[in-house]
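Asker: The structure is given below, and queries will be raised subsequently.
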Amino acid sequence: MDNLRRHYQNWTRVWAVMIVLLSSYTITIVAPYMSGSIGQILTKYAASTGVLSAAFFAGELFIRKMSWKSVSWLHRVGYHGQDAINYEGWWYGETLYEVLEQASLDQSVAVPFRTTHEVRINQDCLLVKIENTAGTSFASWGSVTATIDQEGILRFLYVVNYTDPARFKPRLFGYEWLSPFLRSPRDTGRPVIIHGRFGHTVGEHKPTYSGSTLFIRRGYAASLTPKDLPKSFQNGELAARLTAGELV
């Protein structure tokens with residue numbers, strides 16, 4: 001997140017200075033040349049704390065939420081934003097439970113097995129968050145804390161509330177990391193497929209698992225085939241849905 005935070009800090013400083021300069025220019029240069037009432041109105045609003053604050057916060061919101069993203073018409077002047085670490089959006093997800101890390105005395109579970117879900121990742125210059133979502137085996141899953149490291153890898157701690165008592169205890173915590181596996185050729189390297197590993201925290205709640213995860217960005221799936229996926233997911237549920245044309 002360091003690149004995004006630096007982008008935010010630098011541009012909010014620039015925006016604050018621009019507001020002050022514009023206010024001063026309006027009061028000292030523009031207003032005196034206007035007719036009496038218009039000049040007074042310009043001076044009043046250019047010096048208004050409320051107007052200046054509103055302008056600053058409107059610009060701050062744009063910088064934090066939008067300015068770091070790649071915008072196609074800005075490509076012509078060489079601005080590509082931070083698309084290489086742009087994880088924001090909706091994703092189709094598949095989890096492959098590969099290893100039974102802690103067995104439970106009252107449950108006998110065969111691995112591997114798979115579950116699927118969809119998830120929304122929210123991201124701006126200051127935070128990244130996996131929003132709570134439901135899946136085929138859980139009522140809610142989402143990040144407790146998340147970040148993007150210097151190598152552009154999304155790392156997060158999560159909590160999940162399961163609804164499959166044959167395989168899971170009701171509530172588990174875990175750690176997961178995801179990195180770009182395939183980037184979009186039609187923009188500036190935005191991740192289209194992300195792939196990584198997860199593991200449940202070891203403790204009194206058993207069974208616990210570790211395994212692999214796959215996410216495909218919604219809006220790009222129609223151009224993909226199972227061969228574009230990591231090898232361990234080429235025969236999985238999302239691969240079957242890609243073949244059937246069910247993903248967009």
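The values are calculated or read from the model by the stated rules, or taken from the named source; none is laboratory data. This is a predicted model, so every value here is computed, not measured. No Cβ is skipped: glycine too gets one built from the backbone with ideal geometry, and neighbour counts run over all protein chains shown. With ligands, DNA and RNA removed, areas are computed over all heavy atoms of the protein, side chains included. Shrake-Rupley method; radii C 1.70, N 1.55, O 1.52, S 1.80 Å.
Asker: Checking Gly93 against (1) assigned to a strand (DSSP E or B); (2) without any contact (Cβ under 8 Å) to a residue 24 or more places away in the chain, which single condition isn't satisfied?
Answerer: Among (1) assigned to a strand (DSSP E or B); (2) without any contact (Cβ under 8 Å) to a residue 24 or more places away in the chain, Gly93 violates only (2).
Asker: While we're looking at this one, here's another question. Looking only at the stretch 170-181, filter to residues that are under 16 Å from the mean Cα position of the chain (by Cα) and either of a type in the set (A, V, I, L, M, F, W, C) or modelled with pLDDT under 95 (or both); which one of those is surrounded by the most Cβ atoms within 10 Å (Cβ to Cβ)?
Answerer: Leu178
Asker: Further, regarding this structure: Select from the stretch 118-147 the residues that are more than 15 Å from Thr213 (Cβ to Cβ), part of a strand (DSSP E or B) and not small (Gly, Ala, Ser) and list them in ascending order.
Answerer: Arg120, Asn122, Gln123, Val128, Lys129, Val144, Thr145, Thr147
Asker: If Glu60 meets every condition in (1) open to solvent by less than 70 Å² (accessible area, probe 1.4 Å); (2) assigned to a helix (DSSP H, G or I); (3) modelled with pLDDT under 90; (4) touching a helix residue (DSSP H, G or I) at 6+ places or on another chain (Cβ under 6 Å) apart from one, which number is that one?
Answerer: The failed condition is (3).
Asker: Could we say that Arg197 is modelled with pLDDT of 95 or more and out of contact with any His (no Cβ under 7 Å at 6 or more places or on another chain) here?
Answerer: yes
Asker: I would also like to ask the following. Since Thr95 meets every condition but one in (1) under 30 Å from Leu4 (Cα atoms); (2) at pLDDT 90 or above; (3) open to solvent by 30 Å² or more (accessible area, probe 1.4 Å), which condition does it not meet?
Answerer: Condition not satisfied by Thr95: (3).
Asker: Something else: When you scan the stretch 209-224, how many residues do you find that are of a type in the set (Lys, Arg) and surrounded by fewer than 20 Cβ atoms within 10 Å (Cβ to Cβ)?
Answerer: Count: 1.
Matching residues to (1) within 24 Å of Val99 (Cβ to Cβ); (2) open to solvent by less than 10 Å² (accessible area, probe 1.4 Å); (3) of a type outside the set (A, V, I, L, M, F, W, C):
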| position | (1), (2), (3) |
| --- | --- |
| Arg120 | no, no, yes |
| Ala134 | no, no, no |
| Ser143 | yes, no, yes |
| Ile148 | no, yes, no |
| Phe156 | yes, yes, no |
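Asker: Can you go through Lys206, Lys227, Lys231 and tell me which one is within 29 Å of Lys169 (Cα to Cα) and surrounded by fewer than 20 Cβ atoms within 10 Å (Cβ to Cβ)?
Answerer: Going through Lys206, Lys227, Lys231 in turn, the sole match is Lys206.
Asker: What is the number of the single condition among (1) of a type outside the set (D, E, K, R); (2) at pLDDT 90 or above; (3) in contact with a Gly (Cβ under 7 Å, 6 or more places away or on another chain) that Ala84 does not meet?
Answerer: Answer for Ala84: the failing condition is (2).
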